[in-house]
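One structure is given here, and the rest of the page talks about it.
The values are calculated or read from the model by the stated rules, or taken from the named source; none is laboratory data. All values reported here derive from a predicted model rather than from experimental measurement. In this analysis, Cβ positions are derived from the backbone assuming ideal geometry, glycine residues included, and neighbour counts consider all displayed protein chains.
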Amino acid sequence: MEEQHNPSQRHHVVLTIIGRLALAAALGLGITGGLVWGGVVQIPRHLNPFAPLRITDEINWLTRHKLSRLERDELQCRAVLAESPLSHRPVPDRDLADGCGLSNAVEVIDASIGLSGNFTATCPLAVAWALFERNVIGQAAREYLGQDVARVLHLGTYACRNIDHRERGRRSEHATANAMDISGFVLADGKQITLRRDWNGNSRHEVFLRAVRDGACDFFDVVLSPDYNAAHHDHFHLDMGRFRACR
Ligand SMILES: [Zn+2]
């Protein structure tokens, strides 16, 4: 027979259940370790919106939020970058004249995956690069091509110019080294994959390139591929500007 409760007993039962659920949640989170939050409940750092980003953090819905916070916090950005595998050195600020200049920029000399040349980048762009090479490029290459990427071919970052080299209009994110253009990849076996040749190549190379484009959207604010327009037929444009696009 079902047990009968008067209203005050029912109230007590409900409170007990809520208390036990809260305790179970606290224990469950505590077991996984992490930072003490508010001195009461422990939550893993990658699930804690207040914990600073780390390159080795598991990627989740908070990653982009934490990345965008670095755009407003120069010191925090430098701290994250210092713990990344990117070999880099600071670049002096260059006054913004005509919408071109540098602020909080570094020169990236090397990364886990080799580069076709050094590049200058804002700190947030460099951090996004570190996350991108760690979580996307290598993984996509192993999954779709069965080997590693030896080197990324890029077309540079800083260029004092307008969007799409137009004579008039808005300055490109390249004008502040906040954008990077990627033209292809050299694989461990020496084969080259280029956007110009392989984007519509109907091969595993194409699958790889499209996976890299889609993965880039988790870290960069704007990702433009040959799907976007003819001006991007031979490169990915990746930037950390104010807009959001994944095309
Ligand atoms: Zn570009």
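Each row is one residue, and each column tells you yes or no for (1) surrounded by fewer than 15 Cβ atoms within 10 Å (Cβ to Cβ); (2) farther than 28 Å from Cys160 by Cα.
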residue	(1), (2)
Pro49	yes, yes
Trp61	yes, yes
Leu102	no, no
Ala105	no, no
Gly117	yes, no
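Any residue in segment 216-242 that is polar (S, T, N, Q) sitting within a Cβ distance under 9 Å of a residue that is in a loop (DSSP other than H, G, I, E, B) and within 9 Å of the ligand (Cβ to nearest atom)? List the pairs, counting only those 6 or more apart or interchain. Sorted first by the residue in segment 216-242, then by its partner, the pairs are Ser225/His235.
Looking across segment 223-239 at every residue that is in contact with an Asp or Glu (Cβ under 9 Å, 6 or more places away or on another chain) and aliphatic (A, V, I, L, M), the one that is farthest from the ligand (Cβ to nearest atom) is identified as Val223.
Is there a residue being in contact with a strand residue (DSSP E or B) (Cβ under 9 Å, 6 or more places away or on another chain) and of a type outside the set (A, V, I, L, M, F, W, C) anywhere in segment 52-60? The answer is no; no qualifying residue exists. Criterion applied to Arg213, Arg242 was being within 16 Å of the ligand (Cβ to nearest atom), part of a helix (DSSP H, G or I) and not aromatic (Phe, Trp, Tyr), and the one residue passing it is Arg213.
Any residue at all in segment 77-87 that is charged (D, E, K, R), in contact (Cβ under 8 Å) with a residue 24 or more places away in the chain, closer than 21 Å to Glu133 by Cα and buried (at least 16 other Cβ atoms within 10 Å of the Cβ)? Let's see the steps before the verdict.
Pass one, segment 77-87, residues charged (D, E, K, R): 78, 83.
Among the residues that remain, those that are also in contact (Cβ under 8 Å) with a residue 24 or more places away in the chain are: 78, 83.
Filter again for closer than 21 Å to Glu133 by Cα, leaving 78, 83.
From what is left, the residues that are buried (at least 16 other Cβ atoms within 10 Å of the Cβ) are 78.
Yes - at least one qualifying residue is present in segment 77-87.
Among the residues of segment 153-163, some residue qualifies, meaning at least one is in contact (Cβ under 8 Å) with a residue 24 or more places away in the chain and either under 18 Å from Ser84 (Cβ atoms) or not assigned by TED's automatic domain parsing to the domain that holds Glu74 (or both). Among the conditions (1) in contact with a helix residue (DSSP H, G or I) (Cβ under 8 Å, 6 or more places away or on another chain); (2) surrounded by fewer than 18 Cβ atoms within 10 Å (Cβ to Cβ); (3) at positive phi, the only one that Glu143 does not satisfy is (3). Determine if segment 90-101 includes at least one residue that is touching a residue at least 24 places away in the same chain (Cβ under 8 Å) and either outside the structural domain of Asp181 (by TED's automatic domain parsing) or more than 23 Å from Val222 (Cα to Cα) (or both). Looking through segment 90-101, at least one residue is touching a residue at least 24 places away in the same chain (Cβ under 8 Å) and either outside the structural domain of Asp181 (by TED's automatic domain parsing) or more than 23 Å from Val222 (Cα to Cα) (or both).
Would you confirm whether or not segment 147-158 contains a residue that is surrounded by 21 or more Cβ atoms within 10 Å (Cβ to Cβ), polar (S, T, N, Q), within 17 Å of His237 (Cβ to Cβ) and touching an Asp or Glu at 6+ places or on another chain (Cβ under 7 Å)? Taking every residue of segment 147-158 in turn, none turns out to be surrounded by 21 or more Cβ atoms within 10 Å (Cβ to Cβ), polar (S, T, N, Q), within 17 Å of His237 (Cβ to Cβ) and touching an Asp or Glu at 6+ places or on another chain (Cβ under 7 Å).
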